[in-house]
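These notes concern the structure reproduced below.
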Amino acid sequence: MPIIKVNLIEGFATLAEKSQITMEMTEALVTVMGEVTRQFTYVSVEDMKPGAVSMGGQLVTEETMRGGLVLSEQELAVKLTASRVKAAYAALDSGDRTAIEQYWDKDLTWSVPGANPLAGTYEGLDAFLGYVQSRRDLSGGSFRSEEEQIMVDGHIAAYLCRNSAIRSSADCSCALAADLMQLLHWKNGRVISGQEAYFGDGATGNDAFWR
């Protein structure tokens, strides 16, 4: 029976974090040794008292631990997760510039494929937000982007979604329904570049809608 023990300085991790550690350590072992080991894998996370542990001959004190917690919290605050991607899009939808700047870099670049008035590369946050606003304006406020799946790998996130909108005029009435992926590159907790890619005939439909 595989036994994994993780020792942490007391107070360094919450109960929820300890639970996640046990799950992640199990997954790591299963990846190496196979699914058959899952049901037999034992993982425990135990606390060690500050002052009873040393590293390189230096005691780990409560002050040392607090410093480590601060660094850990700072890193977790900008760690790329599916939740952070969701929060970035929620901020974008809110229109709150302060909230948006927490997730979208002021120097970001955004590439939109196709042969329509919105296609091209947008340089900087203002230009990107202008593009986002143009989709709303040209569709009479009907534009929607519905999340379908989020995948995260290191500093890259793939946001799979379906765009929909309606345009009506005296000459015609048309609807948009296009599946696409937005590939986001992140740095220090913010999107620094993104590019859109459509699935199937989505690109053709997107061009036709925005012309």
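The values are calculated or read from the model by the stated rules, or taken from the named source; none is laboratory data. This structure is a prediction, so every number in the text was calculated from the model and none was measured. Here the Cβ is made from the backbone with ideal geometry for all residues, glycine too, and neighbour counts use every protein chain on show.
The table for this structure:
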quantity	calculated
Looking only at segment 157-195, and only at residues there that are aliphatic (A, V, I, L, M) and touching a residue at least 40 places away in the same chain (Cβ under 8 Å), the one that is surrounded by the most Cβ atoms within 10 Å (Cβ to Cβ)	LEU184
Selection count, segment 100-155, where residues are acidic (Asp, Glu) and assigned to a loop (DSSP other than H, G, I, E, B)	1
Residue in segment 3-17 that is touching a residue at least 24 places away in the same chain (Cβ under 8 Å), surrounded by 10 or more Cβ atoms within 10 Å (Cβ to Cβ), assigned to a helix (DSSP H, G or I) and not polar (S, T, N, Q) present	no
Residue check for ALA77: part of a loop (DSSP other than H, G, I, E, B), of a type in the set (A, V, I, L, M) and either modelled with pLDDT under 80 or surrounded by fewer than 13 Cβ atoms within 10 Å (Cβ to Cβ) (or both)	no
Residue match in segment 22-37 (condition: among the polar types (S, T, N, Q), in a loop (DSSP other than H, G, I, E, B) and in contact (Cβ under 8 Å) with a residue 12 or more places away in the chain)	no
